[in-house]
Amino acid sequence: MPVFAILSISSMLSIFAGTYSAINAFISAYAYIAIIVLMALESASIPIPSEVILPLTGHFIQTGLLNPYLALIATMVGTTIGITIDYLVAYVLGKEVIYKHLRFFHVRKETLVHFDDWFSNNGAFAVSVSRLLPLVRGLISFPAGFARMPLRKFYFYSLLGSLAWNVALIAFGYYALQIQNATILFAVIALFAIVLYIMYHVAIRKIKKEPKRKRD
């Protein structure tokens, strides 16, 4: 594995470690409300990783702090709020304004351009699959808003992909974070980070290969 890849994985692990305690404490104190708030922020392109929120949710389900059904509903409510915010911002402000002020949305222009092209070429499929991508799951809401995709269709495909992502990461946390052996636990988390890293870079390469279209 190239050195830059190892460094990227190490950075991902550092991010997880740095945010773990704060998210852990927030969910411990406010349970379902915390999950809704965190998932809403994450889905609205605020850099709060669902890759930490959801496994911790699974862990708290395993310990008995959270009910599994209510916890899953809370993740989906938060997700719905977050994707709605990004969709409406893009719908109301339009592409020209968003592209001029991307710094306020914590979005790189190059990445959003690629997602815009991917959405233009793949439509609903892109919306659903994007919800399964680490780190950039929320970006597809912007192209959907630019294109004024019908809300019923937007919610259906967005929540379909989001449900699969939420369930998978909650299950990971439920089973993985109860491991008592610290060495094994670290190895499992490292493998998790590597899998996310590979998923992200394979997907981004694929998205970047999408045929370019003429900009508005």
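The values are calculated or read from the model by the stated rules, or taken from the named source; none is laboratory data. All values derive from a computational prediction rather than experimental measurement. Here the Cβ positions follow ideal geometry from the backbone for every residue, glycine too, while neighbour counts run over all protein chains shown.
Could you list, in sequence order, the residues of the stretch 133-180 that are part of a loop (DSSP other than H, G, I, E, B) and more than 18 Å from the chain's Cα centre (by Cα)?
The answer is Ala147, Arg148, Met149, Pro150, Leu177, Gln178, Ile179, Gln180.
I'm trying to understand the selection: among the residues of the stretch 82-115, which are of a type in the set (Asp, Glu), closer than 26 Å to Val202 by Cβ and either in contact with a strand residue (DSSP E or B) (Cβ under 6 Å, 6 or more places away or on another chain) or touching a residue at least 40 places away in the same chain (Cβ under 8 Å) (or both)?
Asp86
Could you please find all residues in the stretch 66-83 being of a type in the set (S, T, N, Q) and surrounded by fewer than 16 Cβ atoms within 10 Å (Cβ to Cβ)?
Within the stretch 66-83, Asn67 is the sole residue that qualifies.
Look through Ser8, Ser50, Ser21, Ser45 and report the one residue that is of a type in the set (S, T, N, Q) and at pLDDT 85 or above.
Checking each option against the conditions leaves just Ser50.
On the basis of being within 21 Å of Leu160 (Cβ to Cβ) and of a type in the set (Ser, Thr, Tyr), does Tyr87 make the cut?
Yes, satisfied.
Output the residue which, of all residues in the stretch 134-189 that are more than 23 Å from Met39 (Cα to Cα) and either surrounded by 15 or more Cβ atoms within 10 Å (Cβ to Cβ) or in contact with a strand residue (DSSP E or B) (Cβ under 8 Å, 6 or more places away or on another chain) (or both), is modelled with the highest pLDDT.
Checking each candidate, the answer is Ala147.
Answer with yes or no whether Phe125 is in a helix (DSSP H, G or I) and either within 15 Å of the chain's Cα centre (by Cα) or closer than 19 Å to Val92 by Cβ (or both).
Against the criterion (in a helix (DSSP H, G or I) and either within 15 Å of the chain's Cα centre (by Cα) or closer than 19 Å to Val92 by Cβ (or both)), Phe125 does not qualify.
Give just the number: which of (1) surrounded by fewer than 16 Cβ atoms within 10 Å (Cβ to Cβ); (2) modelled with pLDDT of 80 or more does Arg103 not satisfy?
(2)
Only one residue in Asp117, Asp86 is crowded, with 19+ Cβ neighbours inside 10 Å and more than 24 Å from Val37 (Cα to Cα). Which one?
Of the residues listed, the single one that is crowded, with 19+ Cβ neighbours inside 10 Å and more than 24 Å from Val37 (Cα to Cα) is Asp117.
Considering only the stretch 152-165, I want to know if a residue exists there that is among the basic types (Lys, Arg) and over 15 Å from Gly82 (Cβ atoms).
Looking through the stretch 152-165, at least one residue is among the basic types (Lys, Arg) and over 15 Å from Gly82 (Cβ atoms).
Can you pull out every residue in the stretch 37-67 that is assigned to a loop (DSSP other than H, G, I, E, B) and either within 22 Å of Gln178 (Cβ to Cβ) or without any contact (Cβ under 8 Å) to a residue 60 or more places away in the chain (or both)?
Of everything in the stretch 37-67, those that are assigned to a loop (DSSP other than H, G, I, E, B) and either within 22 Å of Gln178 (Cβ to Cβ) or without any contact (Cβ under 8 Å) to a residue 60 or more places away in the chain (or both) turn out to be Pro47, Ile48, Pro49, Gly64, Leu65, Leu66, Asn67.
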